[in-house]
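Take a look at the structure set out below.
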Amino acid sequence: MEGEFIISSIIVDRLNVVLTFNVKPESDNFSESVSPFHNIHSQNSEKKTDTYAEWDTWETIHALRDALSARHNVTLVEANEDFIYKVKEAEPDIVFNVAEGLNGISREAQIPAILEMLGIPYTGSDPQTLSICLDKARTKEILSYYNIKNAKFFITDDVNLSDSRGLTFPLIVKPICEGSSKGIFSSSFVKNESELKSEVARVVNEYNQEALVEEFLSGKEFTVALIGNGAETEVLPIVEINFNEFPKDFTPIYSYEAKWIIDTKENPLDVFTCPAKIDKLLEEKIKKTALAAYKILRCKDWSRIDIRLDNDGEPNVIEINPLPGILPNPEENSCYPKAARSAGLDYSSMINKVLLVAAKRNNLL
């Protein structure tokens with residue numbers, strides 16, 4: 001460590017930080033074919049791949065580097081097969097981890113597991129939490145045990161599924177272990193047994209994993225950014241997704257098409273409100289639900305939790321994202337930075353606050 005800076009009245013030594021990441025291939029223009037899109041808007045769009053949807057662009061990685069470099073010494077180390085050698089060579093005080101991984105359902109946990117083996121501190125949740133949160137069904141089972149509301153569901157790998165197992169249509173069909181809306185298309189919203197069978201077969205065959213089938217929650221959708229640990233965890237201003245502002249006839253889910261195709265830097269969807277325009281009682285319910293889920297899943301340092309209201313207007317958790325997306329450009333829709341800006345944190349301050357809370361948790365301060 002050398003030098004120091006001051007943040008939130010705390011004098012912090014200048015740390016040696018490794019930033020580890022997965023970067024989208026430069027040649028990747030999302031041109032590979034994926035499942036057919038089932039609405040008029042996407043039919044006019046180039047078909048795109050979701051293989052690298054979870055990975056970051058160089059724009060994001062460089063923005064992260066620049067934010068951290070303002071206060072620390074930063075080395076970039078890609079999360080590939082050479083990672084273990086390069087991180088040991090760098091001798092960091094702490095690793096800022098945004099690596100999503102590629103192979104297997106444990107992919108988000110692999111870099112933290114290596115760091116724990118090497119005894120190197122890192123930002124974000126531990127391997128167990130990352131693995132559980134990527135497995136949507138395991139997450140829902142734990143939430144259900146603790147009486148945190150989430151949609152009724154079942155999982156299946158039966159490509160010949162013949163019934164909805166008592167669930168009420170419409171239903172949503174998702175891959176069980178994907179993020180960034182991978183595998184969730186307009187066709188994932190199913191209204192009958194025939195569509196259900198087709199979507200389950202698509203997920204099982206294309207993603208080589210079980211399908212998660214959930215009852216559709218008809219209410220408003222929100223996402224909640226959290227930062228910190230224990231009693232010091234902060235809930236940032238709530239972001240609301242206004243599906244009424246989606247293009248006409250577009251399925252009211254934040255699908256891959258919505259997130260990556262019709263919502264672009266050049267043409268951003270104007271569907272997000274932060275802070276959400278809701279009454280105080282609902283705001284407190286949403287924040288309480290998000291904070292409870294954060295603590296029960298043992299998230300560390302930061303996460304973003306997606307919540308949707310059921311028919312009774314009660315908040316239900318639909319997903320926990322312990323590696324939240326953090327696009328740096330305010331013109332792009334990235335909900336964690338959007339919530340941070342609403343709380344008075346610019347991009348650099350947000351990133352360095354995450355590092356600060358991780359450093360405190362690891363007794364580096």
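What follows is calculated from the coordinates using simple rules that are stated; it is not laboratory data. Only a predicted model underlies this, so the values are computations on that prediction, with no experimental measurement involved. All Cβ positions, even for glycine, are placed from backbone atoms using ideal geometry, and neighbour counts span all protein chains on display.
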message: Tell me whether region 324-365 comes out rounded, prolate or oblate; compute the Cα gyration tensor, take square roots of the eigenvalues as a ≥ b ≥ c, and use a/c under 1.5 as the rounded threshold.
response: prolate
Glu284-Glu78 pseudo-label distance in nm [points 7 Å out on the Cα-to-Cβ vector]: 5.1
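Could you state the per residue volume, in Å³, of the convex hull enclosing the Cα atoms of region 98-227?
Looking at region 98-227, the number lands at 129 Å³ per residue.
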field: Euclidean distance between Cα centres, region 295-343 to region 142-158, Å
entry: 19
query: Semi-axes of the equivalent ellipsoid of region 117-162: what are they in whole Å, largest first, if each equals the square root of 5 times a C-alpha gyration tensor eigenvalue?
result: 30, 16, 6
query: Among residues other than Phe169 whose Cβ falls under 11 Å from its Cβ, what is the net charge (Lys/Arg +1, Asp/Glu -1)?
result: -2
Per residue Cα convex hull volume in Å³ - calculated over region 152-216: 72
